[in-house]
Amino acid sequence: QDTKAKASDQGKLEIGLDDAHMGSVVTRFPPEPSGYLHIGHAKAALLNQYFAQQYKGKLIIRFDDTNPSKEKVEFEESIKEDLALIGIKGDVVTHTSDYFDKIYDLALQIIKSGDAYVDDTDQATMRDQRMNGIASKNRDLPIEENLRRFEEMKNATEFGMTCCLRAKISVDNPNKAMRDPVIYRVNVTPHHYTGDKYKVYPTYDFACPIVDSIEGVTHALRTNEYRDRNPQYYWMLDALKLRKPIIWDFSRINFVYTLLSKRKLQWFVDQGLVTGWDDPRFPTVRGIRRRGMTIEALKQYIIMQGASQNILTLEWDKLWSLNKKVIDPIAPRHTAIAKEDVVKCKINGAPVKAVVEDRPKHKKNPELGSKKTTLSDHIILEQEDAASFELNEEVTLMDWGNAFVRDIKKDESGKVTSVELDLHLEGDFKKTKKKVTWLSYGDELVDVILLDFDYLLTKKKLEEGDEITDFITPVTEFKDAAYADANVKDLKHGDIMQFERKGYYCVDAVATDSSPAKFIHVPDGKATSMASK
Ligand code: ATP
Ligand code: MG
Ligand code: MG
């Protein structure tokens, strides 16, 4: 409760929007439906919603669907679900494609006003000319010719297919974003909504300012790596005589060992390096949720980052340790012992016939209720604990009581094969050095699989020119079979809990007749790597 209150105090931005009036602010989150929502998008969405709410205004969710080659309905659906999951609720959902007719008319208008021309220069030459500030041979074509050519683009004729429409801004402006950017392209791939109605599509540079203006957006939030594109955004609106929103930029977030680009994430999916967009190794909203990230921690973290203008490469640890503060008070405690580490142990003085007693699921949070703990004269311990025991040492069996170590048997390699203890319930657990986890063995033990993951990349930050394939971590999944206490049978998919002395886990799959329950380790921000290995 305490940590919650503190964190939400921090959950206020020190900043506001310029020229923002209560009740009249309109912001928008414009995802392209070309992949699943990742943590960077979550930042953009949460910030847009934050300002809309702070000024009692409106939030538009707009699918920026201007490139049919990359986009799918499937992605739009998943983005909608993930937005709902992180508590983003737009006042309306729109699509850039809703405005294709309008945008097309504006393309005609900008040609007629002499502010755009149709260029059939090949791509390589065009890139070269733009780099070197050389004018295209088509730059001064008469308006009539541009209209004729644009009609060919519209019909995707053989000639039309070689053309694009370019805004006539500048040939050699030091800001390369101003060097006659492409504003319309031919694409004959059917669009997921408009089918083959159009064969020409506006680029983001043209569509975004137009739709922002038409939809009444007052504050257009953009990541600051687009700052060079701001003059171009305003130029479009001036040329079209449309109302200008205010651009407010914020910094992009990046994380160490992580790629945040839908195109690159798609590559991992296609290569089979992950199991899908919801893979727990992925920085997608689904991936980090599966890994045990709570929405509450995610929101707190993003709002904390919100004001920074630096493009930072963030460590995952901070986010996970914030998450730990959220889950620790509410995660029930259970016990698991890895199968390969099991040491059998006989306990003298323990009930020969097992007794079942109630124990709190969380010592500091009685609201979580109690669990059943079986006490018996045959238990299992962890190899590491047993190996540390000394003869006649007094140790504590957690949630039970003290015991004296009376016998330790080892094999030739020094591995402990069995231990014998004398129960000593009068002993003071405050006086022992070792508190060990244990489980009574018998029918009460449940098979579980413990999963942990490492970063997909071996390099903190990929540089320009780095080949992804040179930096792929060879093994990123770690699997351990373990025994757990029988209470874990009551856990549900998505539940977050703690295996004492192992860490926090999120239930990824409950047990079925043919497979044990799967638990994914939740990083707690302590290790320097996401994985505990
Ligand atoms: P990607 O390269 O992953 O496809 P994008 O920016 O092209 O990212 P969009 O769907 O166009 O993806 O992005 C929607 C919104 O999310 C945009 O406003 C964009 O600026 C923002 N956004 C995307 N990535 C990040 C990030 N890493 N940090 C902050 N905001 C981001
Ligand atoms: Mg984009
Ligand atoms: Mg991108």
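What follows is calculated from the coordinates using simple rules that are stated; it is not laboratory data. Source: prediction; values computed, not measured. All Cβ positions, even for glycine, are placed from backbone atoms using ideal geometry, and neighbour counts span all protein chains on display.
Some observations on this one:
- Summarising the overall dimensions of the stretch 280-350 from its C-alpha atoms, the Rg and Dmax are 18.8, 65 angstrom.
- All Cα pairs of the chain, percent lying beyond 46 Å: 31 percent
- Per the Debye calculation on the stretch 21-126 with a single equal scatterer at every Cα and no solvent contribution, log₁₀ I(q)/I(0) for q = 0.14 Å⁻¹ amounts to -0.70.
- Equivalent ellipsoid, the stretch 333-444 (semi-axes from 5 times Cα gyration tensor eigenvalues, Å): 23, 16, 14
- Neighbour count of at most 13 Cβ within 10 Å plus DSSP loop: longest GluC sites (Glu not before Pro)-free window in the chain: 159-389
- Applying both filters, DSSP loop and at most 13 other Cβ atoms within 10 Å, to the trypsin sites (Lys or Arg not before Pro) of the stretch 11-98 gives Lys12, Lys56, Lys89.
- 5 Å-binned pair-distance histogram of the stretch 14-57 (Cα, whole percent): 5, 22, 27, 20, 13, 9, 4
- Per residue Cα convex hull volume in Å³ - calculated over the stretch 391-445: 100 Å³
- Dimensions of the stretch 164-238 along the principal axes, based on C-alpha atoms and rounded to the nearest Å, stand at 38, 30, 22, largest first.
- With the charge dipole of the chain set up from +1 on Lys and Arg Cβ and -1 on Asp and Glu Cβ about the Cα centre, the Cα lying farthest toward the positive end among the listed residues Val326, Ala354, Leu391 is that of Val326.
- Cross-link pairs exceeding 32 Å between alpha carbons, from the set Lys241/Lys264; Lys56/Lys526; Lys364/Lys433; Lys102/Lys137; Lys460/Lys502; Lys325/Lys409: Lys241/Lys264; Lys56/Lys526; Lys325/Lys409.
- Kirkwood-based shape ratio for the stretch 427-480, expressed as Rg/Rh from alpha carbons: 1.33
- Rg and Dmax of the stretch 115-195, both derived from C-alpha coordinates alone, stand at 13.2, 39 Å.
- Legend: calculated FRET efficiency, Lys461 to Leu425, from the Cβ-Cβ distance at R0 = 41 Å, rounded to 0.05, equals 0.15.
- Summing charges over all other residues whose Cβ lies under 10 Å from the Cβ of Ile214, with Lys and Arg as +1 and Asp and Glu as -1, gives -1.
- A DSSP coil position with no more than 16 other Cβ atoms inside 10 Å describes the following trypsin sites (Lys or Arg not before Pro) in the stretch 364-398: Lys364.
- Under 5 Å, built H, 5+ apart or other chain: amide partners of Asp508: Gly494, Lys518, Phe519, Ile520
- Shape of the stretch 424-519, Cα gyration tensor, a/c cut at 1.5: oblate
- Listed by Cβ neighbour count within 10 Å, with the fewest neighbours leading, Met304, Met22 appear as Met22, Met304.
- Separation of alpha-carbon centers, the stretch 262-337 and the stretch 209-243, rounded to whole Å: 32 Å
- More than 15 Å apart - percent of Cα-Cα pairs taken over the stretch 192-284: 71 percent
- Rounded D (µm²/s) - the stretch 64-143, Kirkwood Rh over Cα pairs, Stokes-Einstein at 4 °C, 1.567 mPa s: 79 µm²/s
- Three-way shape label, the stretch 319-389, alpha-carbon gyration tensor, a/c 1.5: oblate
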